[in-house]
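To keep things clear, I will list the structure first and then write my remarks on it.
The values are calculated or read from the model by the stated rules, or taken from the named source; none is laboratory data. Here the structure is a predicted model, which means the values were calculated and not measured. A quick note on method: Cβ atoms are made from the backbone with ideal geometry, for glycine too, and the neighbour counts reach across all protein chains shown. Just the protein is used for accessible areas: all its heavy atoms, side chains included, with ligands, DNA and RNA removed. Shrake-Rupley method; radii C 1.70, N 1.55, O 1.52, S 1.80 Å.
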Amino acid sequence: LPIFPDKAYPAIASKLTEQVLLPLPSNENGRISAAAEEKLLTALKRADALLIGPGLGVDFDTETIVNKLLLSAEIPIVLDADGINVISKNIDILKEVKAPLVLTPHPGEMSRLCNADICSIVSDKSLTSKYFTDDYTPTLVLKGSNTVIAERGRPQYINSTGSPSLARAGSGDLLSGMTAALAAGGMDTFEAAVCAVYIHGMAG
């Protein structure tokens, strides 16, 4: 179920002609308003998985919504893009999330999330992933050449598929959507992340 600010409805509805859409109240920035919280929580009861982040934007309203959804959801969550940027201001919220959770940062987002130098992240994504999953329980998909998929208590996977064609805006949104779709189908979130990364790379 695509969820978006009502101001974007004309553009989105003309492209997604066969989808059931859920336009929500917009704030003054054209982003989803905090007033949409009740509708979102109602829709959440009918969902099998939740993807938060792509195209969201960051302001007070979206921060309120992201935090509320993270603490309320009981279904698998994939957190990407601005969803990650929101929690980078309060990373310890990850310790309060009860639902299975996958984070899919690129090195820039990981730098903000961990308050770490981006060069050190890129130079050793495997070690960065180990340090992060030692402290936090979500599945981590640290994107880039040889994407690393890690989770506490599991062996790391380093992806061998992909090409430079994937280094473009929107490519990560596809990956997070694929991960959420596999999780919605009942796959374990770590396995969903591993499979989605591999298939995404093969497609690229």
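For the stretch 128-151, indicate whether the set of residues that are open to solvent by 30 Å² or more (accessible area, probe 1.4 Å), within 18 Å of GLY53 (Cβ to Cβ), out of contact with any strand residue (DSSP E or B) (no Cβ under 9 Å at 6 or more places or on another chain) and not charged (D, E, K, R) is non-empty. There is at least one residue in the stretch 128-151 that is open to solvent by 30 Å² or more (accessible area, probe 1.4 Å), within 18 Å of GLY53 (Cβ to Cβ), out of contact with any strand residue (DSSP E or B) (no Cβ under 9 Å at 6 or more places or on another chain) and not charged (D, E, K, R). GLY170 satisfies every condition listed in (1) modelled with pLDDT of 95 or more; (2) open to solvent by 30 Å² or more (accessible area, probe 1.4 Å); (3) of a type outside the set (Lys, Arg); (4) within 16 Å of ILE84 (Cα to Cα) except (1). Does any residue of the stretch 178-194 turn out to be in contact with a Phe, Trp or Tyr (Cβ under 8 Å, 6 or more places away or on another chain), of a type in the set (Val, Ile, Thr) and not in a loop (DSSP other than H, G, I, E, B)? Scanning the stretch 178-194 turns up at least one residue that is in contact with a Phe, Trp or Tyr (Cβ under 8 Å, 6 or more places away or on another chain), of a type in the set (Val, Ile, Thr) and not in a loop (DSSP other than H, G, I, E, B). Only a single criterion out of (1) outside any loop (DSSP other than H, G, I, E, B); (2) modelled with pLDDT under 95; (3) closer than 19 Å to ASP80 by Cβ; (4) not β-branched (Val, Ile, Thr) is not satisfied by SER165, namely (3).
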